[in-house]
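Presented below is the structure to which this report refers.
Bear in mind that the values in this text are calculations on the coordinates, not laboratory data. Computed from a predicted model, the values in this text were never measured in an experiment. Counting neighbours? That spans all protein chains shown, and the Cβs are built from the backbone with ideal geometry, glycine included.
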Amino acid sequence: MTKLSVPRIIGHRGAKRTSPENTLGGIRQAKKEGADWVEFDVKLTADGRAVLIHDETVDRTTDGKGLVRQMSLADLRRLDAGVRFGPAWRGERIPTLVEALGLMVELDMGFNLEIKPCPGREAETARVALADVARHWPEDRPAPVISSFKPASLAAAREAAAHLPRGFLAEVLPPDWLARMTELECRTVHPSWRALSRAQVAAVKAAGYPLLVWTVNEPARARELVSWGVDSLITDCPAVLGASLAAP
Ligand code: G3P
Ligand code: MG
């Protein structure tokens, strides 16, 4: 198995502090802020297309209302996914995964794809997303990390693309994290920073796994986590953390 390399800084949902989350503009913004990778969330539309969106509904991030799982891609495309963030972002759309992959090839970026299924679509979301990746992500590009909170999505990701590294996502790292990861053959660990202890970081590193922690926006916290041995910081503000980690 090849050694897995993950960058120090990964833009969360693009660059969530300075641009609308899970949009192409947000991915471009992350790149401008110095992030080589982004994390984003993938769900399926009613007609089975993989799109970038975090919530079950479009209400918070667009000018529309409704459940993503009840809306077709055509329905979603009519919505503005930028204007709620700010008038300068009017015209941003909910991107398809295929569009996001194309943009990241163009920008020479990598990614952490979080499978964020609507209830009942855990396996299907992984299958569709990984079929898109297989078709539209060149094999000579760095392998993406495929993460999820849902074991059924990770299991389906393994079926669909066993060669792509899977990431074990957790709000709180459970005491049996190693057994759960091993069962799903995950290769990276993605806990929230909030309940993460120095001892847990040491245990994960001693077991040989890269550790990608979210959502780290405070420079002092970022420096502390890196000093503990954390590999990657998933952040809303790549420019802020990049500057802080570069400072002597
Ligand atoms: O993948 C890390 C992080 O994005 C998980 O939480 O709710 O922001 O998708 P959430
Ligand atoms: Mg996410």
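Remark: 125, 182 ranked as 182, 125, counting other beta-carbon atoms within 10 Å and listing the fewest first. Seen from a random direction on average, the alpha-carbon convex hull of the chain projects onto 12.7 square nanometres. The alpha-carbon positions of the stretch 154-248 define a convex hull whose volume is 107 Å³ per residue.
The separation of the stretch 178-225 from the stretch 1-44, counted between C-alpha centres, amounts to 18 Å. Placing +1 on the Cβ of every Lys and Arg and -1 on the Cβ of every Asp and Glu, with no other charges, gives the chain a dipole of roughly 260 debye about its Cα centre.
Tell me, 159, 39 in order of fewest to most beta-carbon neighbours within 10 Å? The partial results should precede the final answer.
Numbers: 159 12, 39 27.
Ordered by Cβ neighbours within 10 Å, fewest first: 159, 39.
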